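Each value in this text was obtained by applying a stated rule to the coordinates, not by laboratory testing. All of these numbers come straight from a predicted model, not from anything done at the bench. Here the Cβ positions follow ideal geometry from the backbone for every residue, glycine too, while neighbour counts run over all protein chains shown.
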Amino acid sequence: MSDIINFSAYKFTPLTDLPAWRERLQAVCREAGLRGTILLSPEGINLFAAGPRPNLDQLLAVVRAMPGLADLTPKESPSDEQPFNRMLVKIKKEIIAFGVEGIDPARHPTAKLPARTLKQWLDEGRAITLLDTRNDYEVRLGTFRGARIAGIDNFRDFSAAVARLPEELKTSPVVMFCTGGIRCEKAGPYLEKAGFKDVHQLDGGILKYFEECGGAHYDGECFVFDRRVGVDASLRETSSVLCFNCQMPLTEAEQRHPHYVPDVSCPLCFGRKQTAAPGV
């Protein structure tokens, strides 16, 4: 078994001295031979890194030394090989691009719903609306059974998707979810600002749900933003791939379609010109 572990973590907390922290994080990642992406912003940190556990622990020790990040606890999943091509540490305006002013998850968070509580609610058949805040190309690999899909190509389109939701949802229980939770940190306050009265976000997203509850009430797999493409309910890499031409994720069954030609096309883009890769 490979000794590659994937760390993913984020936290919304005010950060300062970003250039100095960027240099320090770059140095420790270079020394530890890690790959991935770390985004730093005045609003917090968003971290994806992969490598041997002792090396990741070196990085985590430095991150936890940053003001406000002492309790940062990453989610983990194994890889058979390194899923990232290089290590990037960037300073950004937002750690997840949303483009709506006045959303401050650090000071005005949405109520978080533990994974096991969501499973209990679904076991009981409780009347809730599951709202998938991810992009359509992610959803096509899998989602919770009966979930309402936002119907967006990019997270910046979420505000327009909210305007399309039925008015009656504003007084009904809504549980949002995404891959690891970070998009819901902004989607939740936005829903509340738009007048939704009973909003929860799945704490830790789909990945945390898989870790604690397996695949109960979930159909398919979960899209991830690295070379693994998808993980199953045991957090193991699946056989899904990205189409070379249109960059859409393809299941194993779709790869058996006659219009799937590696490095050329897939059933979704056969006969069309090359298109741009989908965005976050």
Using a 10 Å cut-off around each Cβ, can you sort Glu252, Glu101 from fewest to most neighbouring Cβ atoms? Glu101, Glu252
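Defining a contact as two alpha carbons under 8 Å apart and six or more residues distant in sequence, what relative contact order in percent does the chain show?
Normalised by residue count, the contact order of the chain is 16 percent.
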Under the rule of -39500 (n - 2.57) per DSSP H run of 4 or more residues, summed and divided by the residues of the chain, what mean residue ellipticity at 222 nm is obtained, to the nearest 500 deg cm²/dmol? -7500 deg cm²/dmol
Around Thr37, with a cut-off of 11 angstrom between Cβ atoms, what is the net charge of the other residues, counting Lys and Arg +1 and Asp and Glu -1? +3
Got a sec to turn the phi values of region 96-102 into Karplus ³J(HN,Hα) couplings, 6.51 cos²θ - 1.76 cosθ + 1.60 with θ = phi - 60°, whole Hz, x for Gly and Pro? 9, 5, 10, x, 10, 6, x
Per DSSP loop assignment and a cutoff of at most 16 other beta carbons within 10 Å, the chain keeps its longest run without exposed trypsin sites (Lys or Arg not before Pro) at 1-85
Taking the Cβ of Pro19 as the center, what net charge do the other residues with Cβ under 14 Å away carry, scoring Lys and Arg +1 and Asp and Glu -1? +2
Full extension between Asp123 and Val261 adds, at 0.36 nm per residue less the Cα distance, a length in nm of 45.5 nm
Out of residues 5 or more away from Arg134 or on other chains, whose amide H comes under 5 Å of its own, with H placed 1.01 Å from N in the peptide plane? Ala150
Holding the Cα-Cα limit at 30 Å, pick out from Lys170/Lys208; Lys90/Lys170; Lys92/Lys119; Lys90/Lys119; Lys90/Lys186 the pairs that are longer than that. Lys90/Lys170; Lys92/Lys119; Lys90/Lys119
Going by Cα centres, region 9-24 and region 170-203 are how many Å apart? 26 Å
Residue-ordered couplings for region 70-81, obtained by feeding phi - 60° into the Karplus form 6.51 cos²θ - 1.76 cosθ + 1.60 and rounding to whole Hz (Gly and Pro as x), are 4, 9, 4, 10, x, 7, 10, 8, x, 9, 6, 8
Could you work out the relative contact order of region 78-217, using alpha carbon pairs under 8 angstrom and six or more residues apart, expressed as a whole percent? 31 percent
For all pairs of alpha-carbon atoms in region 206-269, what percent lies in each bin of width 10 Å, listed from the first bin to the last filled one? 23, 45, 24, 8
In cubic angstrom, how much convex hull volume per residue do the alpha carbon atoms of region 4-91 span? 74 Å³
Residue-wise, which Karplus ³J(HN,Hα) couplings in Hz belong to region 262-268, taking 6.51 cos²θ - 1.76 cosθ + 1.60, θ = phi - 60°, and x for glycine or proline? x, 6, 10, 7, 9, x, 7
Efficiency of FRET between Gln247 and Arg164 - r from beta-carbon atoms, R0 30 angstrom, step 0.05: 0.70
Considering Cα pairs under 8 angstrom that are at least six residues apart, work out the relative contact order of region 17-92 and quote it in whole percent. 44 percent
Report, in cubic angstrom per residue, the convex hull volume of the C-alpha atoms of region 111-220. 87 Å³
At a 10 Å Cβ-Cβ cut-off, how would you order Val261, Val139, fewest neighbours first? Val261, Val139
Partnerless cysteines, meaning none of the other Cys C-beta atoms lie under 4.7 Å away, in the chain: Cys29, Cys178, Cys184, Cys213, Cys222
Within the chain, what percent of beta bridges assigned by DSSP are antiparallel, to the nearest 5? 65 percent
Of the labelled options (i) 0.96; (ii) 0.93; (iii) 1.09, which one gives Rg/Rh (Cα atoms, Kirkwood Rh) as computed for this structure? (i)
Give the long-range amide H neighbours of Lys112: residues separated by 5 or more places, or on another chain, with amide H under 5 Å away, using H modelled in the peptide plane at 1.01 Å from N. Gln201
